[in-house]
Structures are given as C-alpha cells and as structure tokens.
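Novice: What follows is a structure written as structure tokens; I'll ask about it next.
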Amino acid sequence: MLDLPYTFELNPPGFVPSHYDNHIRRTLTSMRGQYLDAAAYEAMLAAGDELLYEVYELARPHESGELLHGISIVHPGKVGDEYYMTKGHFHTVLETAEVYVCLSGQGAMVMETPEGDWAVEWLAPGRVLYVPPRWAHRSVNTGPDDLITLFAYPGHAGHDYGTIEQQGFRKLIVERDGAAVVVDNPRWGKMEGEKG
Ligand code: PAN
Ligand code: ZN
C-alpha cells in the first residue's frame, strides 16, 4: 500500500511531537558501568532510578529507503562531574549516517570511529550536526535545561550498543570550574557495562 506524506508539529518549549509511535525512557539503571564515578552512580541510584533521557520515535519500516526520525530529550543533571548523556552507539550497518538538529538546550555530541578518530561538536538551538558513516555518537546535556534534538537516519542502520558498553567512548564531557570540558576517558577499552 502506498504511504501517504504526513506532517507533525514540534512545539516549544517541550518539543514533544504532536504524533509519535514509541516513547522510550532511559533511567540510571540502563547506564550502569558507563559513568566514571561509580560511587556517585551507586549513591544516586540508591536515592532513586532517575529518568535521564527520552526518545519519541515515529515508526517506519527498517528498510534502506526509509528515514527513521524522532526527538531525543536528554534531561539536565550530572553523575559526579559527568553530565547526563545517552548510551551512545555505532550503527550496526557502519556505513550509515545521521542528521541531528538541535531545537533547544546546550550540549555536545561525542563521536568516534573504530579506527580511533574522535570528535566533539557543541550543540545549541538552530545548530545542525551531520554524523558521517562510521562515527559512534552520544549526546550529552551540558546545560541547565533539557537538550532537545531532532534526528533522522537510514531505516536499515540498526543499533550496536554492545561495543560502547564494553569499551566506552574515548572522550568524556565533565564539569570543571563550572564549565563543560572534554577529557580523556581513563577507562576506555576496559569498561564494565552491562548489556541492556
Ligand atoms: C538517536 C538515539 C537517541 C538515544 O535516535 O537513538 O538519541 O540515544 P541512544 O540510542 O544512544 O540511547 C540515534 O542516534 N539513532 O540512531
Ligand atoms: Zn544513531
């Protein structure tokens, strides 16, 4: 059956799509092993399994001609000195790209390739980020409000979370003297995250 074009609205301040099919909520437990300060992580978790980020997806077939799209909302906060962030992933089909449009908030996209390249791009409202094929990506909220982005990527891309759970990202975004800075991840290659 032929698909018909469709529209939906993204209204400030929340930018929750006026229509969506899936609402994914990620809490602290899904980030076990990913934050550098394990003691801060356990202390926070003991106080409650806080909501870190949410994704609103429009359902499309997982086929190469399609574009999967939706809204990602990372809430503000830190675990120790490290800002709230997404799990991050490679696309299972490495040769697939992604476009992000920052709608609200302040943050960063931390990226790296299997070959050892890394990059950090800062996100602010109106800024568009192109993540080329091969680059793993994680969004980080460095501001006091929600970091809200619109994303679109090929339908057949798939998500490889396991590689990042096991090795982490080479770079972390942490607060130093009130500012967000990029630092080396001392545990890169030897993370102890759980699958999930
Ligand atoms: C985004 C991400 C979204 C949540 O849609 O999936 O921001 O991040 P995680 O998937 O790393 O938890 C995307 O990059 N899709 O490919
Ligand atoms: Zn992606």
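Laboratory data are not the source of any read-out in this text; all were calculated from the coordinates shown. Worth saying up front: this structure is predicted, and the values here are computed from it rather than measured. Here the Cβ is made from the backbone with ideal geometry for all residues, glycine too, and neighbour counts use every protein chain on show.
Novice: Residues in the range 22-48 that are without any contact (Cβ under 8 Å) to a residue 60 or more places away in the chain, touching a strand residue (DSSP E or B) at 6+ places or on another chain (Cβ under 6 Å) and within 16 Å of ligand 1 (Cβ to nearest atom): how many?
Specialist: Residues in the range 22-48 being without any contact (Cβ under 8 Å) to a residue 60 or more places away in the chain, touching a strand residue (DSSP E or B) at 6+ places or on another chain (Cβ under 6 Å) and within 16 Å of ligand 1 (Cβ to nearest atom): 6 in total.
Novice: Another question, then. Can you tell me which residue is surrounded by the fewest Cβ atoms within 10 Å (Cβ to Cβ) among those in the range 156-181 that are of a type in the set (Gly, Ala, Ser), closer than 25 Å to residue 127 by Cβ and touching a strand residue (DSSP E or B) at 6+ places or on another chain (Cβ under 9 Å)?
Specialist: 180
Novice: A further question follows. For residues that are on the phi > 0 side of the Ramachandran plot and touching a strand residue (DSSP E or B) at 6+ places or on another chain (Cβ under 6 Å), scanning just the range 77-105, find the one that is farthest from ligand 1 (Cβ to nearest atom).
Specialist: 105
Novice: For the range 129-184, give me the residue count where each residue is among the small types (Gly, Ala, Ser), in contact with a Ser or Thr (Cβ under 7 Å, 6 or more places away or on another chain) and within 19 Å of residue 74 (Cα to Cα).
Specialist: Summing the residues that are among the small types (Gly, Ala, Ser), in contact with a Ser or Thr (Cβ under 7 Å, 6 or more places away or on another chain) and within 19 Å of residue 74 (Cα to Cα) in the range 129-184 gives 2.
Novice: Looking at the range 62-116, which of its residues are part of a loop (DSSP other than H, G, I, E, B), touching a Pro at 6+ places or on another chain (Cβ under 8 Å), small (Gly, Ala, Ser) and within 16 Å of ligand 2 (Cβ to nearest atom)?
Specialist: 64, 97
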